[in-house]
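The values are calculated or read from the model by the stated rules, or taken from the named source; none is laboratory data. Quick caveat, the model's predicted, so the values are computed rather than measured. All Cβ positions, even for glycine, are placed from backbone atoms using ideal geometry, and neighbour counts span all protein chains on display. Please note that ligands, DNA and RNA were not included when accessible areas were found on the heavy atoms of the full protein model with its side chains. Shrake-Rupley method; radii C 1.70, N 1.55, O 1.52, S 1.80 Å.
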Amino acid sequence: MMSDSGRAGKKILWLVWLGSALLAALALTYTLLNGEDRTLFMPGPLSPGHHQLAAACDACHTDPLGDGDVLQEACVACHGDDRKKPVDSHPLVKFNDPRNAERLAQIDATRCVTCHTEHRPEITATDGLTQPLDLCVHCHRDIAADRPSHAGMPFATCKDSGCHNYHNNRALYTDFLLKHQHAPELAEQPLLPARQFVTLLDEIMEYPHDRYPVVALAPEDADAPQPVDEEVKRDWLTTAHAAAGVNCSACHLAENAESETPLWTDHPGQQGCSQCHALEVERFGKGRHGMRLAAGLAPMTPEQALLPMQPQAAHRELTCNSCHPAHRFDTATAAVEACLDCHADDHSLAYKTSRHHELWQQELNGELPEGSGVSCAGCHMPRIDFDVSDWLSRIMVDHNQSANLSPNSKMIRSSCLHCHGLPFSLDALADRNLIDSNFKGRPQAQVRSIEMAGEDQRRALEETGGSP
Ligand code: HEC
Ligand code: HEC
Ligand code: HEC
Ligand code: HEC
Ligand code: HEC
Ligand code: HEC
Ligand code: HEC
Ligand code: HEC
Ligand code: HEC
Ligand code: HEC
């Protein structure tokens, strides 16, 4: 039996342990919420996709004492829109079926952190994946029995380029492959769809039609409180805004703590733009250009980047004005030259020797119709058909340049297919050297997906005795 003093000793030790654990938890909570450099408290660096959030622990740890549900809510708050049907082929709802309980016991696919934990660079692969590459085996062990074309294939190759993605499989599912299997390399009319903002303006309820009716403005209409700089006036007058009735005050009046009415500011931020371009602002905040601003941090700068950047751009801030200078809103400069002021990786630098750039130059020179050229934006900021409200969709420029980047088959539907066939696009995007040279030359890779889909279809038809 233990003596009373022995028991008291144990109790004190227990209390001391409890006390220090509590203090540690409080210290962590305090630093998470208020600390200066909180990165010291990270168990390890963040994944490349999130490294910009290192000063915003609370973006994920919304409640430092909260459990896994709290983290899950944070992931879904930022990424939820992309994790639903039809964009995601393994959405959460897929796993509500009780028949999947056995699978979930192997790998809990209802939690993001099962496959994407943080602070663990030693196990973090491309796309922030922290599961071994053969993770599909847990749920698709019998694939070779269902599809003989898959016999003998190692599970680590399921998500090779051009085969399958866990989430966005929209350019890779069997019916899509079969539908596009005979598409020629080049479409009959290789063109990007036209932008639609100005043509749909009348239907956009949120637009401040009352204050800024869409009528062209003249030099004397400028409503700035002080005399107007000639250069500012010229830039403003020669670009789209003055022509569409967007006066100086539309951008320059900002909410102000000292006054009830908005006051003039010489340095308007993106709030000014958002009364008319809320979607562009929102999408910008979801990618690696705008994510720091969206998280309430100072803008991103090339100096903090993991990707190679031009040294002279180190201290430039990433805002709308990085690509659209204050009063010059020509989108051609924004689509190539602006990008190359910052980006300096091999792929970006190779662009100007590509066939796509040649086409872009011909478009700018008026030798080819609008939409024929392929700028950096043509691939990375595609013109997509976006549901802007419950009842209206429009072709708009996606300002989230991370959205279709990786896995790169996401680029097929939003970009390549406007001009190329599916077989050619799959091969081109599976060819790493071709990406590095920014698509100079023909693809050397050959993706077998379409062929395999065909084999499976023929076999299925034979078995059922049907005809194609
Ligand atoms: C992008 C989201 C994200 C950001 C930003 C983030 N973390 Fe984490 N953190 C996680 C995830 C995910 C885990 C692992 C949870 C798990 O596997 O259950 C984690 C785990 C931790 C843990 C281990 C204790 C625990 O709760 O499991 C600490 C400590 C921690 N983070 C501190 C920080 C600090 C300090 C910062 C800011 C400097 C930070 N984190 C920023 C996502 C994030
Ligand atoms: C404050 C918003 C925010 C939160 C919270 C957040 N993310 Fe992200 N995440 C982003 C942004 C922005 C990117 C970069 C753009 C992109 O790749 O889509 C990103 C990138 C990623 C990537 C791609 C990584 C890469 O290297 O390409 C994964 C995977 C991911 N997030 C998963 C998660 C998970 C899991 C959680 C919850 C633990 C989470 N995110 C929480 C905003 C967020
Ligand atoms: C069972 C594993 C698994 C789970 C669970 C999972 N992911 Fe993923 N995730 C992957 C894999 C594998 C990739 C690599 C790209 C692919 O195959 O689609 C990926 C890629 C991503 C990417 C970058 C590429 C893209 O298409 O956007 C993001 C962002 C992401 N996941 C977010 C999430 C979020 C948020 C959750 C929770 C709602 C989640 N993932 C749950 C396996 C998983
Ligand atoms: C947690 C279980 C689970 C994991 C892990 C998993 N899947 Fe699935 N997958 C399912 C379920 C459930 C279905 C629905 C069809 C079925 O019952 O087979 C499905 C369907 C599919 C389909 C056909 C549907 C479609 O929309 O294209 C493909 C392809 C697929 N998975 C590929 C993958 C790949 C590749 C991986 C690994 C990166 C993977 N899956 C990992 C559970 C899983
Ligand atoms: C579409 C939005 C927009 C419109 C319209 C606009 N501006 Fe600006 N203006 C900006 C932005 C953005 C900046 C740069 C802010 C910064 O650098 O911080 C700026 C900067 C300025 C500056 C200070 C910096 C400089 O370049 O000298 C002045 C002065 C100015 N604008 C005057 C005007 C006048 C006068 C008009 C009308 C003729 C006008 N602006 C119309 C967005 C606009
Ligand atoms: C009062 C509404 C309003 C505000 C505020 C506004 N814009 Fe615009 N913007 C428009 C309209 C209308 C058009 C369409 C003009 C056209 O295409 O003819 C436009 C077009 C554009 C274009 C495309 C130009 C082109 O040549 O196709 C860009 C880029 C742009 N705006 C950026 C911005 C930025 C950045 C801000 C904030 C600094 C801003 N706008 C503020 C109404 C506004
Ligand atoms: C990385 C460079 C870049 C940044 C940063 C950027 N834009 Fe753009 N923006 C472009 C390019 C390039 C186009 C034209 C693309 C095209 O014509 O296909 C464009 C087009 C637009 C258009 C016309 C869209 C349409 O569908 O007609 C608007 C409006 C616009 N930008 C607003 C903004 C606003 C607001 C911000 C800040 C939140 C911003 N941009 C930040 C590069 C950028
Ligand atoms: C002011 C500098 C600047 C300009 C201008 C700029 N970028 Fe970036 N870009 C960055 C920085 C910084 C990052 C983030 C890199 C990181 O987080 O490591 C980035 C990231 C990217 C990424 C990677 C996204 C991801 O999820 O991995 C792409 C693609 C990209 N930019 C394309 C473009 C294109 C296309 C343009 C022109 C339309 C452009 N950028 C203009 C600085 C710039
Ligand atoms: C024909 C389409 C196309 C064009 C044009 C294009 N890119 Fe890319 N870009 C891609 C693809 C595909 C990838 C690779 C995505 C992957 O597999 O991860 C990529 C990757 C990138 C990356 C990420 C690099 C990394 O290592 O993660 C950046 C930054 C980038 N491009 C910038 C640019 C810039 C700047 C231009 C113009 C000077 C440009 N791109 C032109 C298709 C294109
Ligand atoms: C706006 C139309 C358009 C878009 C979008 C587009 N391309 Fe192209 N691409 C062309 C045209 C036109 C050619 C030249 C064909 C020719 O000369 O026969 C070309 C040529 C190519 C070549 C051959 C280059 C050479 O030197 O022979 C490759 C590879 C290529 N594109 C890949 C892609 C990929 C991958 C995508 C999507 C990420 C894409 N393209 C998007 C129009 C486009």
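Observations
- Annotation: of all residues in segment 309-328 being under 13 Å from HIS343 (Cα atoms) and within 12 Å of ligand 7 (Cβ to nearest atom), the one that is most open to solvent (accessible area, probe 1.4 Å) is ARG316.
- Residues within segment 397-408 that are without any contact (Cβ under 8 Å) to a residue 60 or more places away in the chain and surrounded by fewer than 20 Cβ atoms within 10 Å (Cβ to Cβ), tallied: 1
- Within segment 345-388, restricting attention to residues that are of a type in the set (A, V, I, L, M, F, W, C) and more than 9 Å from ligand 9 (Cβ to nearest atom), the residue that is nearest to ASN438 (Cα to Cα) is LEU359.
- Evaluated against (1) in contact with a Leu (Cβ under 9 Å, 6 or more places away or on another chain); (2) within 27 Å of GLU280 (Cβ to Cβ); (3) open to solvent by less than 30 Å² (accessible area, probe 1.4 Å), LEU426 falls short on exactly one condition, (2).
- From the options GLY371, GLY378, residue that is open to solvent by less than 20 Å² (accessible area, probe 1.4 Å), touching a Leu at 6+ places or on another chain (Cβ under 7 Å) and assigned to a helix (DSSP H, G or I): GLY378
- Any hit, segment 282-293, residues being at pLDDT 95 or above, over 20 Å from HIS50 (Cα atoms) and surrounded by fewer than 20 Cβ atoms within 10 Å (Cβ to Cβ): no
- Identity of the residue in segment 63-113, polar (S, T, N, Q) and open to solvent by 80 Å² or more (accessible area, probe 1.4 Å), that ends up nearest to the chain's Cα centre (by Cα): ASN96
To keep it simple, each residue is scored yes or no on (1) of a type outside the set (Gly, Ala, Ser); (2) more than 9 Å from ligand 2 (Cβ to nearest atom); (3) in contact (Cβ under 8 Å) with a residue 12 or more places away in the chain; (4) assigned to a loop (DSSP other than H, G, I, E, B).
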| position | (1), (2), (3), (4) |
| --- | --- |
| PRO48 | yes, no, yes, yes |
| ALA54 | no, yes, yes, no |
| VAL70 | yes, yes, no, no |
| VAL76 | yes, no, yes, no |
| ASP82 | yes, no, yes, no |
| SER89 | no, yes, yes, yes |
| VAL93 | yes, yes, no, no |
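- The set of residues in segment 216-252 that are within 21 Å of PRO299 (Cα to Cα) and either within 14 Å of ligand 7 (Cβ to nearest atom) or in a strand (DSSP E or B) (or both) contains only CYS251.
- Check on ARG170, touching a residue at least 12 places away in the same chain (Cβ under 8 Å) and either farther than 30 Å from SER415 by Cα or of a type outside the set (A, V, I, L, M) (or both): yes
- Residue ID - nearest to ligand 4 (Cβ to nearest atom), chosen from residues in segment 381-396 that are among the aliphatic types (A, V, I, L, M), surrounded by fewer than 20 Cβ atoms within 10 Å (Cβ to Cβ) and not in a loop (DSSP other than H, G, I, E, B): ILE384
- Given (1) open to solvent by 40 Å² or more (accessible area, probe 1.4 Å); (2) out of contact with any Phe, Trp or Tyr (no Cβ under 6 Å at 6 or more places or on another chain), index of the condition MET411 fails: (1)
- Residues within segment 130-169 that are in a loop (DSSP other than H, G, I, E, B), open to solvent by less than 70 Å² (accessible area, probe 1.4 Å) and over 21 Å from ASN100 (Cβ atoms), tallied: 5
- Identity of the residue in segment 443-453, surrounded by fewer than 16 Cβ atoms within 10 Å (Cβ to Cβ) and in contact with a helix residue (DSSP H, G or I) (Cβ under 8 Å, 6 or more places away or on another chain), that ends up nearest to GLN181 (Cα to Cα): GLN446
- Exclusive hit being closer than 30 Å to ALA151 by Cβ, among the hydrophobic types (A, V, I, L, M, F, W, C) and not in a helix (DSSP H, G or I), set ALA403, ALA428, ALA445: ALA445
- Every residue from segment 258-275 that is open to solvent by less than 30 Å² (accessible area, probe 1.4 Å) and touching a residue at least 24 places away in the same chain (Cβ under 8 Å): none
- Filter result for ALA224 (more than 11 Å from ligand 6 (Cβ to nearest atom), open to solvent by less than 50 Å² (accessible area, probe 1.4 Å) and not hydroxyl-bearing (Ser, Thr, Tyr)): yes
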